[in-house]
Amino acid sequence: SRAPWHPAGVTVRDWDALMMTLPAVQLADSGLARELLLRMCELHGYAPGRGVHYLDGTMFEPAYSLDGVAAYAIAVERYVRQTSDDHLIDDPVVGDTLYAVHDELADRRHPELPLFATEVTPSGAVPAHPYTLHGNATAAFALEVLRRTLDEETSRDVQDPEAVRAAIDRSFTRSDDGKKVYRTALDLSGGEASDDDPVGSVSWLPLYEVVRGDDSTYRRTARALAQAPSESLAAICARLMGPDRATVLEWLRRAPLDGGVAAEWVAADGRAIANGGDAALAGLLAATVLLAVAPAGGPQAS
């Protein structure tokens, strides 16, 4: 728990639990990670991505998160890849959760384009526009998982993930001074934004296999984001996926954080500013550093 040092206290977002805490637990104890993933599906998987909950499953604050929905399928895939325990898919609670993920994604699909809308970003902020780059990247990864895990009849109705990735490339890229970069959010009616979410950063894109880390559009966008210093430790972790990985690793070696523990907001020298004792973010930091120094491990290492 982050209490009493952090205002999130004893509440949990799907994204924090599945994409921050669980990957670090998997590194230390795969058996415990399996139990936590099952418990997460049991308590929250009936309505994935629907908001912030207390640890016992009670709703604290409703707000639909596309990324939170996709996180269940991504977490299952990463667990199976790392442990080779594909029997997890046979557990009824996991199966029910993946079907719920499919239903939620289908409900949020644009009527004409293979893109999906969200109400909040992984940080809990309301995006400038409902179709976010990070959210659709996670959705494409989740759809890939659903096509392999759901029953044959339902799988035929799952949106083609390659069509989503192609739509991302068509819709979210723009030419700035003759060079392509990504926009972060669209309304698909001409409105667009370039603000990067501190938790759902564009820098994470290679992790969801929507783009390679050496892709020129991705690297150009990531470098532009890195020019604006961030006080968000989550955003700094995301930069470990990008072209300035070595610089960030060196910074982390010296960052004091909150007595050595992750804090949500940090100064330029790595000293905690606010929201220290962030257990979920500590997990993200540990797992992402390992992935950065051993990239051959792929997404399962995270």
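What to note about this one:
- Selected residue (criterion: farthest from Val199 (Cα to Cα)) from residues of the stretch 64-84 that are among the hydrophobic types (A, V, I, L, M, F, W, C) and open to solvent by less than 10 Å² (accessible area, probe 1.4 Å): Val76
- From the list Pro48, Pro23, Pro114, Pro122, the lone residue that is in contact with a helix residue (DSSP H, G or I) (Cβ under 7 Å, 6 or more places away or on another chain), farther than 21 Å from Gln159 by Cα and outside any helix (DSSP H, G or I) is Pro122.
Here is a yes/no grid of residues against (1) of a type in the set (Phe, Trp, Tyr); (2) at pLDDT 95 or above; (3) touching a Ser or Thr at 6+ places or on another chain (Cβ under 8 Å):
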| position | (1), (2), (3) |
| --- | --- |
| Gly200 | no, yes, yes |
| Gly213 | no, no, no |
| Ala224 | no, no, no |
| Ala228 | no, no, no |
| Leu233 | no, yes, no |
| Gly242 | no, no, yes |
| Ala280 | no, no, yes |
| Ser302 | no, no, yes |
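- Restricting attention to the stretch 98-136, the residues being more than 20 Å from the chain's Cα centre (by Cα) and farther than 17 Å from Ala70 by Cβ number 3.
- Boolean, Val210 is closer than 23 Å to Ala106 by Cα, in contact with a Lys or Arg (Cβ under 7 Å, 6 or more places away or on another chain), aliphatic (A, V, I, L, M) and crowded, with 17+ Cβ neighbours inside 10 Å: yes
- Checking each residue in the stretch 222-263 for being among the polar types (S, T, N, Q) and open to solvent by 10 Å² or more (accessible area, probe 1.4 Å) picks out Gln227, Ser230, Thr247.
- Residues in the stretch 77-97 that are within 17 Å of the chain's Cα centre (by Cα) and either free of Cβ contacts under 8 Å to residues at least 24 places away in the same chain or under 13 Å from Leu143 (Cβ atoms) (or both): Glu77 alone.
Rundown of residues vs (1) open to solvent by 10 Å² or more (accessible area, probe 1.4 Å); (2) without any contact (Cβ under 8 Å) to a residue 12 or more places away in the chain; (3) in contact with a Pro (Cβ under 9 Å, 6 or more places away or on another chain), yes/no style:
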| residue | (1), (2), (3) |
| --- | --- |
| His6 | yes, no, no |
| Trp15 | yes, no, yes |
| Ala28 | yes, yes, no |
| Gly31 | yes, yes, no |
| Arg39 | yes, yes, no |
| Glu42 | yes, no, no |
| Gly45 | no, no, no |
| Asp56 | yes, no, no |
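- Out of Ala125, Ala117, Ala106, one residue alone is among the hydrophobic types (A, V, I, L, M, F, W, C), crowded, with 19+ Cβ neighbours inside 10 Å and in contact (Cβ under 8 Å) with a residue 40 or more places away in the chain. It is Ala117.
- Every residue from the stretch 166-180 that is open to solvent by 30 Å² or more (accessible area, probe 1.4 Å) and at negative phi: Ala166, Asp169, Arg170, Arg174, Ser175, Asp176, Lys179, Lys180
- Test: Ala272 is in a strand (DSSP E or B) and either open to solvent by less than 20 Å² (accessible area, probe 1.4 Å) or in contact with a Pro (Cβ under 9 Å, 6 or more places away or on another chain) (or both): yes
- Of all positions in the stretch 1-20, at least one carries a residue that is more than 15 Å from the chain's Cα centre (by Cα), farther than 21 Å from Thr288 by Cα, modelled with pLDDT under 90 and not in a loop (DSSP other than H, G, I, E, B).
- Residues that are polar (S, T, N, Q), outside any loop (DSSP other than H, G, I, E, B) and touching a residue at least 40 places away in the same chain (Cβ under 8 Å) within the stretch 148-193 comprise Thr149, Thr154, Ser171, Thr173, listed in sequence order.
- Tally of residues being out of contact with any His (no Cβ under 7 Å at 6 or more places or on another chain) and either farther than 17 Å from Pro130 by Cβ or of a type in the set (Gly, Ala, Ser) (or both) across the stretch 183-200: 5
- Filter result for Ala63 (more than 20 Å from Asn136 (Cα to Cα) and within 18 Å of the chain's Cα centre (by Cα)): no
The values are calculated or read from the model by the stated rules, or taken from the named source; none is laboratory data. Given the structure is predicted, the values throughout are model-derived calculations rather than measurements. Counting neighbours? That spans all protein chains shown, and the Cβs are built from the backbone with ideal geometry, glycine included. Note: areas computed on protein heavy atoms with side chains; ligands, DNA, RNA excluded. Shrake-Rupley method; radii C 1.70, N 1.55, O 1.52, S 1.80 Å.
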